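The values are calculated or read from the model by the stated rules, or taken from the named source; none is laboratory data. All values derive from a computational prediction rather than experimental measurement. Methodologically, a virtual Cβ is constructed for each residue, glycine included, from the backbone with ideal geometry; neighbour enumeration extends over all protein chains shown. Calculation scope for accessible area: heavy atoms of the full protein, side chains included, ligands and nucleic acids excluded. Shrake-Rupley method; radii C 1.70, N 1.55, O 1.52, S 1.80 Å.
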Amino acid sequence: MNLLNKLKKSPLFSRILLSILFLLPSQLMAKDIVTTTPVTYMLATQLMKGTTISTTYLAPKRYGIDRLNNWYANKGEQKAYQAGEQATVVITLSALWQQDPLFIYARQGNIKLIEIDASQSLSPRSRGIASVTLPSGESSIYAWLNPNNLSTMLSIVSEDLKKIWPEKAPVIEKNQQQLLIDIRSLINQQQQTLFDKEIDSVVLISDQLEDFASANQLFVVERLFKDELEWTAQDKASLTTLLTESPELWLVTTRKVSAQLKALLPDFHQILVVDSIDRWGRAGITEDKPLQRWLF
């Protein structure tokens with residue numbers, strides 16, 4: 001006891017103890033769920049709120065979904081392997097986004113890893129989200145911009161998590177019902193905003209917005225999916241003429257209004273900015289306001 005008391009008074013002992021306490025959260029807390037998109041992170045954290053189950057967002061926060069395959073194939077491979085070693089579940093969007101790289105790479109670290117596909121349930125009575133076909137013939141992967149799809153994703157993920165952690169099923173069910181209420185409020189808010197602003201016919205400035213337009217039954221008059229820096233003089237002239245001749249039209253974009261767009265349309269203010277939520281970015285996903293970025 002005397003030796004222990006002497007150790008306790010030692011500055012070195014205090015530093016060692018503080019170092020151990022500092023390392024405990026990162027080394028001893030299991031990374032139970034791993035995911036790589038904001039929408040799946042939101043679903044996981046909200047469903048497991050109030051439990052000891054942790055969720056890790058694996059992708060770099062500045063990377064959009066279009067850059068993830070390259071990241072996993074290079075810098076992210078080892079990180080995914082290590083995350084897989086510690087994880088029980090990965091939540092993906094594999095049916096919607098066939099190039100979703102998370103499970104393939106994380107599985108290398110844990111052959112027993114369970115995949116939950118939030119876009120398509122793996123069951124005899126499988127349910128899936130509503131997908132939108134782009135003008136190019138490909139399917140849009142931005143299904144989370146349709147709030148109705150969020151409800152479907154929520155149900156799919158919830159059912160699987162309750163089977164994996166049955167002792168936490170009552171909490172998961174409670175969290176699911178609360179998030180459903182929040183999603184219904186989100187739908188009402190979006191529709192009310194569109195009604196109040198009389199947004200009906202639109203020009204889309206990004207192909208990421210096809211799901212949003214479809215969900216809200218917006219009539220797409222024109223699509224201009226080139227990067228703004230690639231707009232030709234003809235593109236600019238056609239857009240200006242269209243908006244001049246059709247004053248009821250709204251521009252819908254995923255980015256803040258650029259200096260070029262302001263210069264091109266100095267007196268035009270019918271612009272709606274919709275967050276594509278394709279990356280963590282600066283806003284992230286907060287636990288207390290998980291659907292904040294879907295609002296506009």
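Please say if segment 128-178 is rounded, prolate or oblate, where rounded means a/c under 1.5 for a ≥ b ≥ c the square roots of the C-alpha gyration tensor eigenvalues, and otherwise the choice is prolate for a/b larger than b/c and oblate otherwise? Intermediate results must be reported in sequence, preceding the final value.
Details: a/c = 5.35, a/b = 2.75, b/c = 1.94.
Prolate shape, in that a/c is at least 1.5 and a/b is the bigger ratio.
Given Cβ point charges of +1 (Lys, Arg) and -1 (Asp, Glu) and nothing else, what value in debye, to the nearest 20, does the dipole of the chain about its Cα centre take?
1960
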*Ordering ARG293, ARG184, ARG107 from largest to smallest accessible area (1.4 angstrom probe), what's the sequence?*
ARG184, ARG107, ARG293
*List every residue whose amide H lies under 5 Å from the amide H of ILE114, counting only residues 5 or more places away in sequence or on a different chain, with H placed 1.01 Å from N in the peptide plane.*
VAL89, VAL90
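Only bridges with both residues in the chain count here: give the DSSP antiparallel percent, nearest 5.
Values: 2 of 22 bridges.
Given both bridge residues lie in the chain, the antiparallel proportion sits at roughly 10 percent.
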_For LYS174, LYS262, give me the order by solvent-accessible area with a 1.4 Å probe, most accessible first, ignoring ligands, DNA and RNA._
LYS174, LYS262
*Relative to the longest principal axis of the C-alpha atoms of the chain, give the angle of the C-alpha long axis of helix 233-245, reported between 0 and 90° and rounded to the nearest 10°.*
70
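Where does each of ASP117, ASP200 land when they are ordered by accessible area, with a 1.4 Å probe and the largest first?
Details: ASP117 15, ASP200 90 Å².
Descending order: ASP200, ASP117.
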*Note the angle between two axes, namely the Cα long axis of helix 11-28 and the longest principal axis of the Cα atoms of the chain, as a number of degrees from 0 to 90, rounded to the nearest 10.*
50
*asked:* Can you divide the C-alpha Rg of segment 72-125 by 2.2 N^0.38 Å and report the result to two decimal places?
replied: 1.14
*Using only Cα atoms, tell me the angle between helix 76-86 and the longest principal axis of the chain; keep it within 0 to 90° and round to the nearest 10.*
50
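Express the carbon and sulfur contribution to the solvent-accessible surface of the chain as a percent, rounded to the nearest whole number, probe 1.4 angstrom.
Details: 8610 of 16410 Å².
Whole-percent figure for carbon plus sulfur exposure: 52.
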*Under a Cβ-Cβ cut-off of 11 Å, what is the net charge of the residues other than TRP250 that fall near it, where Lys and Arg count +1 and Asp and Glu count -1?*
-2
*For LEU272, list long-range residues whose amide hydrogen, built 1.01 Å from N in the peptide plane, is under 5 Å from its own amide hydrogen.*
LEU251, VAL252, THR253
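Measure up LYS49/LYS79; LYS79/LYS226; LYS61/LYS112; LYS75/LYS262; LYS49/LYS112 against 29 Å on the Cα-Cα distance and list the ones that go over.
Numbers: LYS49/LYS79 25 Å; LYS79/LYS226 34 Å; LYS61/LYS112 27 Å; LYS75/LYS262 38 Å; LYS49/LYS112 24 Å.
Distance filter (> 29 Å) returns LYS79/LYS226; LYS75/LYS262.
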*Go ahead and set up a Gaussian network model of the chain, Cα springs under 10 Å, then flag whichever of VAL203, VAL90, VAL39 fluctuates most.*
VAL203
